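Reading through the C-alpha cells given below for one structure.
The values are calculated or read from the model by the stated rules, or taken from the named source; none is laboratory data. Everything numeric in this text was worked out from a predicted model, so none of it was measured. Glycine also receives a Cβ, built like all others from the backbone with ideal geometry; neighbour counts cover every protein chain displayed. Ligands, DNA and RNA are stripped out before the accessible areas are found, and what is left, the full protein with its side chains, is counted by its heavy atoms. Shrake-Rupley method; radii C 1.70, N 1.55, O 1.52, S 1.80 Å.
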There are 2 protein chains.
Amino acid sequence: MPTRTGRPPKISRDAILAAAHRIVDTEGPDALTMRRVAREVGTTAMALYHHVRDKDDLLRLLLDDYAAGVPLPDPVSDDPAGRAVEAATAMRAALAPRPWIVDVLRADDLLARRALRFPEAIIDAFMTGGLDAEDAVDAYRIIWHYTAGEISARAAATRRRTDDRLTYREQVFTGLDPAELPRLAALGERWEELAGRDTYDKGLRALVHGLLR
Amino acid sequence: MPTRTGRPPKISRDAILAAAHRIVDTEGPDALTMRRVAREVGTTAMALYHHVRDKDDLLRLLLDDYAAGVPLPDPVSDDPAGRAVEAATAMRAALAPRPWIVDVLRADDLLARRALRFPEAIIDAFMTGGLDAEDAVDAYRIIWHYTAGEISARAAATRRRTDDRLTYREQVFTGLDPAELPRLAALGERWEELAGRDTYDKGLRALVHGLLR
DNA sequence: GCATCTTTTTATACGCGTATAGAAAGTAGC
DNA sequence: GCTACTTTCTATACGCGTATAAAAAGATGC
C-alpha cells in the first residue's frame, strides 16, 4: 500500500534544486544560502532540511546536475599518456570556473554520480598504459589531488586579489636574508609575476609521465 | 617624539596570539573563534580587530609562529631529485597534522615568512638539478598544489568519516552500469579500500621525476 | 582645567548554518 | 467523529565572523 501519510509537502527537492541553480547562475555561489533558497521557494530555511541533509548535501546534488551537462570530449591521442592528459584537462576545465565544487568534493575524489566519466576515462587510460587496477586508481587519485589543489589555490588567489592583499606576498618577500634564503632572495619581486603563471598543464604532464614510467 | 597618544591598549597582538595558540593546542582548531579568543584574553570579540585584520590574518600569524618551530631536516640524498622529495616530504609532514594551515595558505603557495625554508630547499634542489629559476618556481608551485590538495582531501575525508557519511561513496558506487563505466564497475566496492591508501609519496616521486626530466 | 585629537574598547546588529521544540495537516483504526 | 500516528513545516535560538557607531581613556595645546 503506497498511500502516503503525514502532512503533505509544500516543497520538493527538485524545487529546491531548481531554485538553487537559479541563484547560483544569476547571483553567484556566494549568494547561495539556505535562507536565500528558502525565500526563493517560498518557505523557511528549516523546511529545507526535510529535503536535503544539509548545505553540503545540497551542493553535492547541485554539482551532480551540473556534471551531467558537461561533455567529456572524445580522445584525440591514441597513446595512453595523451589520453590521460586530455581527460584530466577536460575535468579541470569543467571545474575551474566553479571552484566551489572542489570545496564540496575534496573528500570524495570527484565522486559525484554523473561525473564518473572523468575518473573512468583517466583510470582507463592508465590501465591501457599498463598499470594494474590498483596503480591506476592511485594514479587517478594523485591527479585528483593535484587538480583540486591547483583549482582551489587559483580560486583563493583570485579572491585575494579582488580583495586587497596584493601586499601580503610582497610583505613576505621584502628584506629576505640572502645568506639564509639565497634562491628566494635572488628571485625577489619576480615571485609575484611567476606565481601568476598557469602551471597546470606542465604539472599534469610531469605527473602522467612519472606515473606511467 | 615616540610618545603614544590615544587610549592605551588593554590587550596586545602577542597576547592574542598566545591565547590562540593555547586554544588550538588544548581544544583543537574548531574551537578557535574570535569570541573564544576574546574571552581568553578578557575582552570582546571586536576589540581583537584592532590588532589583527581578520580571522584569516590571525591564522596566518599563528601559522608563522608554528612554522618557526618546525625543523627542515638536513638532506640525506645527494641527487637533486632525492633532495626535492625529502624537502617536500618534510613540508607535508609538518602540515598534515594541521590541515587548517593549508586552508589558510592555499592562495599563497605556503608563503609564510618563517616557513620559507621549505620552498627555498625545493627550489634549490630543482635548480641544482638543472632547471632555471622560472622552471624551478613552477616546479615548486606544482608540488605545492599537489601537496595542498592531498592534505586537504585527506583532512576532509577524515572529517567525513568521523561524521557519518560512510555511505555516500558506497551510494555513488552501487549499481554502476558496466557498459558505460567498465573500469569503475569492475572495481566496485574495492574503491572504498583503495581510496584509503596514502599515495602522497608515490605521486610526489612521479612529479619530481617528471619535472626533472 | 578644558576642549581637541587619537587610539582602543564596547555595544549593537546582520546574515550565516543549523539544533530543537512544537504546531499543522494529512491518513488509519475504531 | 474521535484518537493515534506520521510527516512536514514554522518559530525560536545559538554561536559564528564582522560592519558600524558610540563611548572611553589617554596625550596635547592653550
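Volume per residue of the convex hull around the Cα atoms, evaluated for segment A:1-114, comes out as 141 Å³.
What number comes out for accessible area per residue over chain A if the probe is 1.4 Å? Units Å², please. Could the numbers behind the result be given before it?
Values: 10320 Å² over 213 residues.
I get 48 Å² per residue for this part.
On full extension of the chain, what length is gained from A:Glu170 through A:Arg197, given 0.36 nm per residue of separation minus the C-alpha to C-alpha distance? The partial results should precede the final answer.
On the way: separation 27, 0.36 × 27 = 9.72 nm, distance 1.67 nm.
Extra length available between A:Glu170 and A:Arg197 comes to 8.1 nm.
Legend: Rg and Dmax of segment B:52-156, from Cα coordinates, 13.7, 43 Å. Calculated translational diffusion coefficient of the protein assembly as shown (20 °C, 1.002 mPa s; Stokes-Einstein with Kirkwood radius over alpha-carbon pairs) equals 91 µm²/s. A simple spin-label model places the labels of B:Ala18 and A:Arg7 5.4 nm from each other, with each point 7 Å out along Cα-to-Cβ. Rounded to the nearest 10 degrees, the inclination of helix A:117-128 to the longest alpha-carbon principal axis of chain A is 50 degrees. Within the listed set B:Val37, B:Val172, B:Val104, the Gaussian network model of chain B (springs between alpha-carbon atoms below 10 Å) gives the highest mean-square fluctuation for B:Val172. In this assembly of identical copies, the label point of A:Arg53 (Cα plus 7 Å along Cα-to-Cβ) is separated from its counterparts by 3.7 nm, sorted shortest first.
Please compute the Kirkwood hydrodynamic radius of segment A:80-212 from all pairs of different C-alpha atoms, in Å with one decimal.
Kirkwood hydrodynamic radius for segment A:80-212: 16.6 Å.
By accessible area, using a 1.4 Å probe on protein heavy atoms only, segment B:24-109 has 52% of its surface on carbon and sulfur. Helix B:133-163 and the longest principal axis of the C-alpha atoms of chain B enclose an angle of approximately 90°. Prolate is the label for segment B:68-114. Its Cα gyration tensor axes, ordered a ≥ b ≥ c, give a/c of at least 1.5 and a/b above b/c.
Set the Cα radius of gyration of segment B:13-68 against 2.2 N^0.38 Å, with N its number of residues, and you get 0.99. Could you tell me the calculated FRET efficiency between A:Ala133 and B:Lys55, based on Cβ-Cβ distance and R0 = 60 angstrom, to the nearest 0.05? That gives a FRET efficiency of 0.85. Projecting the Cα atoms of A:Leu194, A:Ala115, A:Ala148 onto the charge dipole of chain A (Cβ charges, centred on the Cα centre) puts A:Ala115 farthest toward the positive pole.
Considering only B:Ile122, B:Ile142, B:Ile151, the Gaussian network model of chain B with Cα springs below 10 Å gives its largest mean-square fluctuation to B:Ile142. Taking A:Val76, A:Val102, A:Val85 as the candidate residues, the one with maximal mean-square fluctuation in a Gaussian network model of chain A, Cα springs under 10 Å, is A:Val76.
The contact residues of segment B:188-213, meaning those that lose at least 30 Å² of 1.4 Å-probe accessible area when all protein chains sit together rather than their chain alone, are B:Arg190, B:Trp191, B:Leu194, B:Ala195, B:Arg197, B:Thr199, B:Lys202, B:Ala206, B:Leu207, B:His209, B:Arg213.
Only Lys, Arg, Asp and Glu count, each charged at its Cβ (+1, +1, -1, -1), so figure out the dipole size of segment A:39-140 about its Cα centre, rounded to 20 debye. Each step should come with its number before you reach the end.
Working: 11 positive and 19 negative charges, 135 e Å.
Dipole of segment A:39-140, to the nearest 20 debye: 640 debye.
Using C-alpha pairs below 8 Å separated by at least 6 residues, the relative contact order for chain A is 17 percent. For B:Arg197, inter-copy separations between label points set 7 Å beyond Cα along the Cβ vector come to 3.3 nm, shortest first. Each Lys or Arg adds one and each Asp or Glu takes one away; over the other residues whose Cβ falls under 11 Å from the Cβ of A:Glu40, this sums to +3.
Computed FRET efficiency, Cβ-Cβ of B:Asp78 and A:Val70, R0 56 Å: what is it to the nearest 0.05? Show your work: numbers first, answer last.
Working: r = 47 Å, r/R0 = 0.83.
My answer for the efficiency is 0.75.
Since only B:Leu32, B:Ile16, B:Gly42 are under comparison, the one whose Cα sits farthest along the positive direction of the charge dipole of segment B:13-68, derived from C-beta charges on Lys, Arg, Asp and Glu, is B:Gly42.
Rank these by accessible area, largest first, 1.4 Å probe: B:Met91, B:Met46, A:Met34.
Output order, biggest surface exposure first: B:Met46, A:Met34, B:Met91.
Chains B and A together bury roughly 6400 Å² of accessible surface, counting both sides and using a 1.4 Å probe on protein heavy atoms.
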